[in-house]
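Engineer: The structure follows.
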Amino acid sequence: MKKIQLIECVPNFSEGRNPEIIKKIAAEIESVEGVKLLDIDSGKATNRTVVTFVGEPEAVVEAAYKAIIIAGELIDMRNHKGEHPRMGATDVCPLVPVSGITMEETAKYAVKLAKMVGENLQIPVYLYGYSQPDKARNDLSVIREGEYEGFSEKIKLNEWKPDFGPHTFNLKTGATVIGARDFLIAYNVNINSISTRIANRIAFDVREAGRLKRIGNPVSGKIELDKDGEAIRIPGKCKAVKAMGWYIEEYGIAQITANLTNYNVTPLHIFYNEICKSAESRGVRVTGSELVGLVPLSAMLDAGKYFLEKQQRSSGVSDKELIHIAIKSLGLDELSPFDPNKKIIEYCINNNENNLVSLSCSDFADITASESTAPGGGSVAALCGALGASLTSMVANVSANKKGWEDKYSYFSDFAEKAQNLKKQLLFYVDEDTRSFAGIIEAFKLPKSNEKEIEHRKNEIERASLYATVVPLETMKISSKILELADEMIKNGNPNTISDGASGILCCKTAIQAAYYNVIVNAKGLKDKNKAKELATTAKEILDLNNSKADEILKRVEDAIAF
């Protein structure tokens with residue numbers, strides 16, 4: 001099966017005050033089939049709009065091209081004023097690999113887009129990031145230096161000849177920067193001050209480039225030079241971070257505005273904490289923060305875990321709770337509500353409205369009880385296993401927070417996290433089991449009017465049937481891992497939760513038994529009898545081993561709670 005390639009495009013347009021212009025740009029993007037518009041983030045003070053959309057590469061390139069055309073028609077840079085550095089109507093248009101595609105491949109699509117814009121629209125285009133082979137001019141801030149007002153002269157220099165398009169400046173559209181880059185988090189931290197000077201000093205403390213080293217007075221002293229006559233810099237605290245300070249009139253506060261160019265090097269929460277330390281040393285206080293555009297789920301989960309660990313609380317909780325902790329700890333809802341479904345990229349891409357796991361308990365029970373054969377036993381088996389994982393995580397979390405067991409906190413927190421990860425996997429298989437069954441139905445519907453179609457249909461039925469056998473087998477394997485965790489939690493956890501641990505064992509035992517029946521039934525339909533026998537044998541081994549293990553654990557529980 002061909003793997004779907006997805007890239008994200010995050011064009012920044014120099015318009016944040018006229019909603020009609022923004023709507024027209026968004027409409028051009030949405031007019032392209034295969035593209036999904038995820039987010040529109042406009043700022044009045046910056047007079048800038050960041051749009052985020054995803055899709056397969058060719059569709060994304062087409063949508064970006066159409067957006068750049070309409071932006072060039074509707075935005076006149078001769079009249080533009082705003083706090084954010086800029087050089088064109090479409091100021092920057094990065095492509096970001098999401099799934100099924102390499103950075104090298106993404107960079108080629110960025111070059112293709114840049115060539116179309118430069119040659120067809122007569123807009124000067126500069127490549128940056130992974131699309132720009134010249135390291136002397138692949139940094140966005142270096143390219144944009146001088147901004148719109150200074151580019152009429154800058155573009156005349158040989159070293160600043162555009163990669164595509166005319167070697168003269170287009171006064172109406174300005175110039176555009178297009179490239180491929182890693183996921184970037186655009187992030188602003190608020191302080192209880194209106195001073196841009198203080199905000200800039202904090203930014204200099206934390207950004208990778210730091211500040212210029214001066215002789216005597218650190219602010220007004222003469223810049224210190226090295227032996228080659230180059231200015232010496234004092235590096236800031238955070239690698240892979242660009243930052244500056246500004247005042248936002250619509251909020252009435254100063255902010256440290258930053259780009260975290262690699263959030264794996266400097267995570268969101270670490271950057272926020274360094275800002276807090278610097279602000280406190282300068283007599284001001286951080287009051288909250290805001291995300292511009294979208295943020296990866298992992299960045300939010302890591303932040304939630306970090307703050308829970310700082311509180312010496314178990315981090316083995318649901319994603320929803322981790323995200324809530326991250327929002328409150330970072331103050332992401334200070335200036336406006338923070339909706340995870342609209343701000344976290346994975347939640348925007350994966351619309352879960354039609355998923356079984358998004359249903360209420362009663363709705364899930366109702367749809368299972370209907371005349372449809374799906375969801376059926378396989379999905380219910382996965383759900384039983386997920387509930388077993390949830391109960392195991394509960395025992396670990398209650399034990400982690402037990403008074404007098406503070407020295408055991410990290411031990412139980414680790415087990416709670418493991419159980420949560422297994423729970424996530426099983427919740428995926430709740431829907432995947434139903435999807436695999438649907439795959440068999442679709443295969444049977446394929447045409448069979450000639451030999452080629454008959455052969456193709458036969459192969460697709462076999463492929464779908466094999467996958468429908470593997471899915472419940474995975475449910476068995478994951479549920480058996482939960483049994484091991486539950487066993488240790490029953491042995492070492494809070495004694496008051498022993499019945500909850502036993503309930504988790506029963507859920508896992510049921511999940512394994514029920515999934516086993518699905519493996520056997522589906523394996524019988526396979527044409528490859530050797531493969532069918534292999535899968536059935538593996539399933540029987542897992543069933544026998546875990547049945548005896550579950551019964552032994554439950555016997556210990558009964559002995560422990562007997563009158």
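Engineer: Every residue in the stretch 102-121 that is surrounded by 14 or more Cβ atoms within 10 Å (Cβ to Cβ) and closer than 23 Å to Glu73 by Cβ, please. First the steps, then the outcome.
Structural biologist: Taking the stretch 102-121 as the starting set, the residues that turn out to be surrounded by 14 or more Cβ atoms within 10 Å (Cβ to Cβ) are 103, 105-118, 121.
Ala110, Lys112, Leu113, Ala114, Lys115, Met116, Val117, Gly118, Leu121 - these are the residues of the stretch 102-121 that are surrounded by 14 or more Cβ atoms within 10 Å (Cβ to Cβ) and closer than 23 Å to Glu73 by Cβ.
Engineer: If you don't mind, there's one more thing I want to ask. Please enumerate the residues belonging to the stretch 403-416 that are surrounded by fewer than 17 Cβ atoms within 10 Å (Cβ to Cβ) and not polar (S, T, N, Q).
Structural biologist: Pass one, the stretch 403-416, residues surrounded by fewer than 17 Cβ atoms within 10 Å (Cβ to Cβ): 403-408, 410-411, 414.
Answer for the stretch 403-416, where residues must be surrounded by fewer than 17 Cβ atoms within 10 Å (Cβ to Cβ) and not polar (S, T, N, Q): Lys403, Gly404, Trp405, Glu406, Asp407, Lys408, Tyr411, Asp414.
Engineer: For the stretch 292-312, does any single residue satisfy the condition of being at pLDDT 90 or above, within 13 Å of the chain's Cα centre (by Cα), surrounded by fewer than 20 Cβ atoms within 10 Å (Cβ to Cβ) and small (Gly, Ala, Ser)?
Structural biologist: Yes, because at least one residue in the stretch 292-312 is at pLDDT 90 or above, within 13 Å of the chain's Cα centre (by Cα), surrounded by fewer than 20 Cβ atoms within 10 Å (Cβ to Cβ) and small (Gly, Ala, Ser).
Engineer: Could you say whether any residue in the stretch 307-322 is among the β-branched types (Val, Ile, Thr) and out of contact with any Ser or Thr (no Cβ under 8 Å at 6 or more places or on another chain)?
Structural biologist: Pass one, the stretch 307-322, residues among the β-branched types (Val, Ile, Thr): 317.
From the residues that got through so far, the ones that are out of contact with any Ser or Thr (no Cβ under 8 Å at 6 or more places or on another chain) too are none.
Scanning the stretch 307-322, I find no residue that is among the β-branched types (Val, Ile, Thr) and out of contact with any Ser or Thr (no Cβ under 8 Å at 6 or more places or on another chain), so the answer is no.
Engineer: Okay, moving on. Does the stretch 425-443 contain any residue that is more than 32 Å from the chain's Cα centre (by Cα) and either at pLDDT below 95 or over 26 Å from Ala511 (Cβ atoms) (or both)? Don't jump to the end; show me each part of the working.
Structural biologist: Pass one, the stretch 425-443, residues more than 32 Å from the chain's Cα centre (by Cα): 441, 443.
Okay, now just the ones that are also either at pLDDT below 95 or over 26 Å from Ala511 (Cβ atoms) (or both), so 441, 443.
Yes, because at least one residue in the stretch 425-443 is more than 32 Å from the chain's Cα centre (by Cα) and either at pLDDT below 95 or over 26 Å from Ala511 (Cβ atoms) (or both).
Engineer: Look at Asn450 and say whether it is surrounded by fewer than 16 Cβ atoms within 10 Å (Cβ to Cβ) and closer than 26 Å to Leu545 by Cβ.
Structural biologist: Details: surrounded by fewer than 16 Cβ atoms within 10 Å (Cβ to Cβ): yes; closer than 26 Å to Leu545 by Cβ: no.
In short, no.
Engineer: From the list Ala511, Ala502, Ala515, exactly one residue is in contact with a Gly (Cβ under 6 Å, 6 or more places away or on another chain), buried (at least 18 other Cβ atoms within 10 Å of the Cβ), within 16 Å of Leu387 (Cβ to Cβ) and touching a residue at least 24 places away in the same chain (Cβ under 8 Å). Which is it?
Structural biologist: Working: Ala502 fails: in contact with a Gly (Cβ under 6 Å, 6 or more places away or on another chain); Ala515 fails: in contact with a Gly (Cβ under 6 Å, 6 or more places away or on another chain).
Within the list Ala511, Ala502, Ala515, the selection yields Ala511.
Engineer: Restricting attention to the stretch 388-419, and to residues there that are of a type in the set (Gly, Ala, Ser) and within 27 Å of the chain's Cα centre (by Cα), which single residue is farthest from Lys481 (Cα to Cα)?
Structural biologist: Ser410
Engineer: Scan the helices (runs of 4 or more DSSP H) fully inside the stretch 137-238 and keep the ones with 2 or more residues being under 24 Å from Gln255 (Cβ atoms) and of a type in the set (Asp, Glu).
Structural biologist: Numbers: elements: 140-144, 147-154, 196-206.
It comes to 147-154.
Engineer: List the helices (runs of 4 or more DSSP H) inside the stretch 298-358, counting only whole elements, that have at least 3 residues being touching a Leu at 6+ places or on another chain (Cβ under 7 Å). If you could, list the steps in order and put the result at the bottom.
Structural biologist: Working: elements: 319-330, 340-343, 345-349.
So the answer is 319-330, 345-349.
Engineer: Are there any pairs with C-beta distances below 6 angstrom linking a residue in the stretch 536-563 that is surrounded by 11 or more Cβ atoms within 10 Å (Cβ to Cβ) to a residue that is of a type in the set (Asp, Glu) and part of a helix (DSSP H, G or I), with the two at least 6 apart or on different chains, and if so which?
Structural biologist: Within 6 Å, the pairs are Ile553/Asp487.
Engineer: So which of Glu62, Glu119 is touching a residue at least 24 places away in the same chain (Cβ under 8 Å), over 21 Å from Glu30 (Cβ atoms), assigned to a helix (DSSP H, G or I) and not aromatic (Phe, Trp, Tyr)?
Structural biologist: Working: Glu62 fails: over 21 Å from Glu30 (Cβ atoms).
The match here is Glu119.
Engineer: So, Asn264, is that one under 21 Å from Val10 (Cβ atoms), assigned to a loop (DSSP other than H, G, I, E, B) and not acidic (Asp, Glu) or not?
Structural biologist: Numbers: under 21 Å from Val10 (Cβ atoms): yes; assigned to a loop (DSSP other than H, G, I, E, B): yes; not acidic (Asp, Glu): yes.
For Asn264, the condition - under 21 Å from Val10 (Cβ atoms), assigned to a loop (DSSP other than H, G, I, E, B) and not acidic (Asp, Glu) - is met.
Engineer: While we're here: Name every residue in the stretch 196-252 that is out of contact with any Lys or Arg (no Cβ under 7 Å at 6 or more places or on another chain), among the β-branched types (Val, Ile, Thr) and in contact (Cβ under 8 Å) with a residue 60 or more places away in the chain, in order of residue number.
Structural biologist: Residue satisfying the conditions is Ile248 alone.
Engineer: Quick check on the stretch 518-535: of everything there that is of a type in the set (Gly, Ala, Ser) and touching a residue at least 60 places away in the same chain (Cβ under 8 Å), which residue is farthest from Ser465 (Cα to Cα)?
Structural biologist: So the residue we want is Ala532.
Engineer: So, of the residues in the stretch 176-205 that are within 30 Å of Pro133 (Cα to Cα) and of a type outside the set (A, V, I, L, M, F, W, C), which turns out to be modelled with the lowest pLDDT? Spell out how you get there, then give the answer.
Structural biologist: Residues of the stretch 176-205 within 30 Å of Pro133 (Cα to Cα): 176-187, 203-204.
Restricting the remaining residues to those that are of a type outside the set (A, V, I, L, M, F, W, C) gives 176, 179, 181-182, 187.
Details: Thr176: 96, Gly179: 96, Arg181: 93, Asp182: 90, Tyr187: 96.
Per the criteria, the residue is Asp182.
The values are calculated or read from the model by the stated rules, or taken from the named source; none is laboratory data. Owing to the predicted nature of the structure, the values given are computational and were not obtained by experimental measurement. Every residue, glycine as well, gets a Cβ built from its backbone with ideal geometry; the counts of neighbours run over all protein chains shown.
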